[in-house]
Amino acid sequence: MDDIQGALRIPHSPSVDTGAPPSGPPGAIDYAASPTLAAIRTVAGEAAALQLVAGCGGTWVHLPMRLAPDAALVRLVGADAAARILAHFGAGARLCIPTGRGHGHGRRLDHREMVRLKREEGWSARRLAQAFGCSDRQVWKILAAAPPAP
């Protein structure tokens, strides 16, 4: 899939009060928690890993079968880094791009706001994950646990 599952930027993100200070310095990535990110950093550089986390953190990325100049991966990390990532993982590979913070970093998610955005504004799990800085899997857990709509 050449599109990395839709837009890489969210046009409007809600204010999310995490209730906790950020863990580590801004932009710090926990590479030990993700062999995928560690491999991307090794083959394509830290900038590419940071760009993937910023653009796709918490979601799955499908690598294209062939790199085109207008491919989403190329637009996100650049042609050279995209080629290195594709060569390492293989064309068509599916990568889980974590949020980069590891587990237990102390943030609290606003579940009610997440459920409201899904129900009232039709936000996708991917968009919610990017806006709230969590994985799409976590979004689905939160939505599944939410009380039914009135």
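What full-extension length gain, to one decimal in nm, is calculated for Ala144 and Ala68 as 0.36 nm per residue of separation minus the Cα-Cα distance? Display every interim value, and only then the final one.
Working: separation 76, 0.36 × 76 = 27.36 nm, distance 3.80 nm.
Extra length from Ala144 to Ala68 when fully extended: 23.6 nm.
Label sites at Ala39 and Arg116, each approximated as a point 7 angstrom past Cα along Cα to Cβ, lie 4.1 nm apart.
Label-to-label distance for Asp80 and Ala93 is 2.0 nm, based on points extended 7 Å past Cα in the beta-carbon direction.
Sorting check: for 118-128, 39-49, which peptide has the highest mean count of neighbouring beta carbons within 10 Å, and how do the rest follow?
Most protected by this proxy first, the peptides run 39-49, 118-128.
Across segment 85-94, rounded Karplus estimates of 3J(HN,Hα) from the backbone phi angles (6.51 cos²θ - 1.76 cosθ + 1.60, θ = phi - 60°) give 5, 5, 5, 6, 8, x, 4, x, 5, 10 Hz, Gly and Pro being marked x.
Coordinate-derived values only; no laboratory data. Keep in mind the model is a prediction, meaning the values are calculated, not measured. All Cβ positions, glycine included, derive from the backbone under ideal geometry; neighbour counts span all protein chains shown.
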